[in-house]
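Here, each number is a calculation from the coordinates, and none is a lab measurement. Remember, predicted model here, so these are calculated numbers, not experimental data. FYI the Cβ positions are ideal-geometry reconstructions off the backbone, even for glycines, and counts take in every protein chain you see.
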Amino acid sequence: MSLLKNLDDLDANGKIGDWCFQNNDELIAIRYGADAFIQTIIIPISENTMQGKPHWKWNGNKDLPTITPSILVKDYPGWNAGWHGFLTDGKLITV
């Protein structure tokens with residue numbers, strides 16, 4: 001599991017558990033499944049608490065990121081099986 005350069009790199013070369021940062025580190029894209037098109041999620045992150053702006057807390061470490069709370073991808077039958085887990089110390093953990 002590793003940091004990749006951008007979304008194009010993540011799509012072309014990424015494996016399950018890889019990530020990249022976007023938009024001046026305000027977003028993180030995480031590949032959680034084998035299909036890059038439907039099994040990559042992009043979520044807003046911040047090192048600080050932001051009132052009124054939904055986001056996940058990020059530890060600020062680009063090489064070994066931890067995102068809290070857990071990440072839940074809804075199940076959409078016929079499209080995506082869904083996923084639930086954590087990105088902790090750069091490791092994707094499915095629950």
By how many nm would the segment from ASP75 to LYS5 lengthen if fully extended, with 0.36 nm per residue of separation less the alpha-carbon distance?
-> 22.4 nm
At a Cα cut-off below 16 Å, give the aspartates and glutamates reachable from LYS53, other chains included and same-chain residues fewer than 8 away excluded.
-> ASP25, GLU26
Under 5 Å, built H, 5+ apart or other chain: amide partners of LEU27 | GLN22, ILE45
Please give the length that would be gained between HIS84 and LEU64 if that part of the chain were fully extended, namely 0.36 nm times their separation in residues minus their C-alpha to C-alpha distance (nm, one decimal).
-> 5.3 nm
Of all trypsin sites (Lys or Arg not before Pro) in the stretch 1-68, the ones in DSSP coil with at most 14 other Cβ atoms within 10 Å are LYS5, LYS15, LYS62
Hz values of 3J(HN,Hα) by residue in the stretch 5-10 - Karplus curve (6.51, -1.76, 1.60), Gly and Pro given as x = 5, 6, 4, 4, 5, 4
Calculated SAXS-style log₁₀ I(q)/I(0) at q = 0.13, 0.14, 0.19, 0.21 Å⁻¹ - the stretch 45-95, Debye, Cα scatterers | -0.38, -0.43, -0.70, -0.79
Among THR40, THR66, ASN6 the positive-end extreme of the charge dipole of the chain (Cβ point charges) | THR66
Cα principal axis extents for the chain, largest first, Å | 36, 26, 22
Which residue fluctuates the most in the chain, going by a Gaussian network model with Cα springs under 10 Å, if the choices are ASP25, ASP11, ASP75?
-> ASP75
